[in-house]
Protein chains: 2
Amino acid sequence: MDTTPHSAAAPATVPPRSAVACAECDLYPLCLPRGLSREQQAVFCNCIRQRRRLGRGEVLYHAGQPARSIYAVRSGTLKTYMLSAGGEEIVEGFHLPGELVGLEALAQEQRDDFAVALEAVEYCEIRVGEMLRWLPKIASLQRDLPAVVARRLAAGRRQASVHNRLEARRRVAAFIADLACRSARGPVAGGELKLGMDRRDIANYLGMTIETVSRSLHRLQNEGLLKVHGKRLAIPDHAVLAELAGIGSA
Amino acid sequence: MDTTPHSAAAPATVPPRSAVACAECDLYPLCLPRGLSREQQAVFCNCIRQRRRLGRGEVLYHAGQPARSIYAVRSGTLKTYMLSAGGEEIVEGFHLPGELVGLEALAQEQRDDFAVALEAVEYCEIRVGEMLRWLPKIASLQRDLPAVVARRLAAGRRQASVHNRLEARRRVAAFIADLACRSARGPVAGGELKLGMDRRDIANYLGMTIETVSRSLHRLQNEGLLKVHGKRLAIPDHAVLAELAGIGSA
DNA sequence: AGGCGATTTTGATCGAGGTCAATTTACATG
DNA sequence: CATGTAAATTGACCTCGATCAAAATCGCCT
């Protein structure tokens, strides 16, 4: 049942199995800026707090709190959301292992959103202040930091353009396909996918109601594109699902 | 009628009136990194091509083209859009004086979207390659560059969360209010606003049809929130409009 | 195992907005 | 000034998804 890639017999200094290896993390260029001497690496690590943990439902940060860090998910799932004027949750996104959360800390003094763990989460924390202090010393970081943020920006655009103007069923399909791609480092063979979030979260993310989410999943199942058992999904053919969502080959 | 701040008696070397002063530009921290000696400024300007122009309908860049520059609008309006699988325009945004376009160049080799001028446009071009070469020399730029990108990221999030889950009329109201805030450096006294884009562009931006845009504008006019004369709008009370859009005081 | 609360599913109804179509307005051109 | 074309408005109709309500299922706790 262990789906972790190449995890056997890690040296003692390297953190144990589970979670995502640093090399596969979005944060890689930040955590381990290239061209760093061994001593530099050691010092740079001062601005990283590794292997912190959250239990299900625990908050990583909340609106109003000073925004001093960027976080990298190593295992588990985070949800970030804002509150609308009416107090409704507007889910910004779900954040899987290898992904970054809280990049706004680079631009804002205070958080304007919330981040909570949907399940047990392991993460690294990078304190922005410290990192910025190191910036003048590390040329690769100077280039990678803007690039990382810009990549999120581009991804966000694509995402947003899809979310609007897609009929509910396709929107759900796109969501599942996207999630499958991002989790477990690409679509898993069997197509097994365990959702960390409940229907309400999905609805608040996609901008529709839980009923419509449920019905959409049901329809996708009837069409043979999906097997739904609560939060446990199976994706027979990932390509077909992606194509329905318009992420296919044109 | 001259609303440009502190513009009197500029030295001969400074570009003339019209357009946005550098100090009000999003790009300010990039164009004129702080703590630069006069000579450094001169050299840094090598990566900036100033005061370029586009006529109405001309393209700044298009998908597939190498992404080597970031652009700052100085006057006029740019539209950026992607093409959906079906060949439909998906408008990402409208870009007014003082705003940046094409930040994705920091992360991607190629453009995946299009940028065209909706009217005569004056802009500056920053060649990313050159800028990155200067990065190690300019500490302030090292900090400002990620911050600028992150600010856009945060703004995009807020935007997206509003765009979904708002009824058509409010969505249009939000669009107009936003545009009014951004243009002419904040809501102008009389509330006069000249739209650079046509109804189709607005529809493709907001994810609805031109008919619904038209009807929404009409309704907003009936309710006294707007005066519509083609592309010429008048906003009697900007606060009321913003409140309807949910950007009000809670 | 049993039972309770929360989540999810399913059903019935209604309305906002999409679609199709016709009309009017704006604008460029001879 | 007339005219032709594209943009914008207006109207009629219909569909998809929201809403309200009820039933079923899951997960958790003792």
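None of the figures in this text is laboratory data; all of them are computed from the coordinates on show. Just so we're clear, the structure is a prediction, and the values are computed from it rather than from any experiment. Because the Cβ atoms are built from the backbone with ideal geometry, glycine has one as well, and the counts that use them run over all protein chains shown.
Note on B:Lys137: aspartates and glutamates with a C-alpha under 14 Å away, same-chain residues under 8 apart excluded, are B:Glu39. Of all lysines in the structure, those lying under 21 Å Cα to Cα from B:Lys227, and not within fewer than 8 positions of it along the same chain, are B:Lys194. Looking at region B:26-57, the trypsin sites (Lys or Arg not before Pro) that sit in a DSSP loop and have at most 16 other Cβ atoms within 10 Å of their own Cβ are B:Arg34, B:Arg56. For the pair B:Glu192 and B:Lys227 in one chain, pulling the backbone fully straight at 0.36 nm per residue adds 11.7 nm over the alpha carbon distance. Take each residue in A:125-137, count the other chain C-beta atoms within 10 Å of its C-beta, and the mean is 2. Here A:Ala139 yields copy-to-copy label distances, from shortest upward, of 1.9 nm, the label point defined as 7 Å from Cα along Cα to C-beta. Taken along its principal axes, the alpha carbon cloud of region A:207-250 reaches lengths of 30, 23, 16 Å, longest axis first. When you restrict to C-alpha pairs under 8 Å that are six or more residues apart and normalise by the size of chain B, the relative contact order lands at 18 percent. Oblate is the label for the protein assembly as shown, because a/c, from the alpha-carbon gyration tensor with a ≥ b ≥ c as root eigenvalues, is 1.5 or above and a/b does not exceed b/c.
According to a simple spin-label model (label point 7 Å from Cα along Cα-to-Cβ), what is the distance in nm between B:Val59 and A:Arg158? The two pseudo-label positions are separated by 2.0 nm.
Each copy carries a label point for B:Glu89 at 7 Å from Cα toward Cβ; from one copy, the others' points are 3.8 nm away, ordered from shortest.
Sorted from nearest, the other copies put their A:Val43 label points 2.4 nm away, the label point being 7 Å from Cα in the direction of Cβ.
The mean count of C-beta atoms from other chains within 10 Å of the C-beta of residues in B:101-108, rounded to a whole number, is 5.
Helices in chain A, meaning DSSP H runs of at least 4 residues, each add -39500 (n - 2.57). Divided by all residues, the mean residue ellipticity at 222 nm is -10500 deg cm²/dmol. The string of couplings for region B:44-58 from the Karplus curve (6.51, -1.76, 1.60, θ = phi - 60°) is 4, 4, 4, 8, 10, 9, 8, 6, 7, 9, 9, x, 3, x, 6 Hz, one whole number per residue in order, with x for Gly and Pro.
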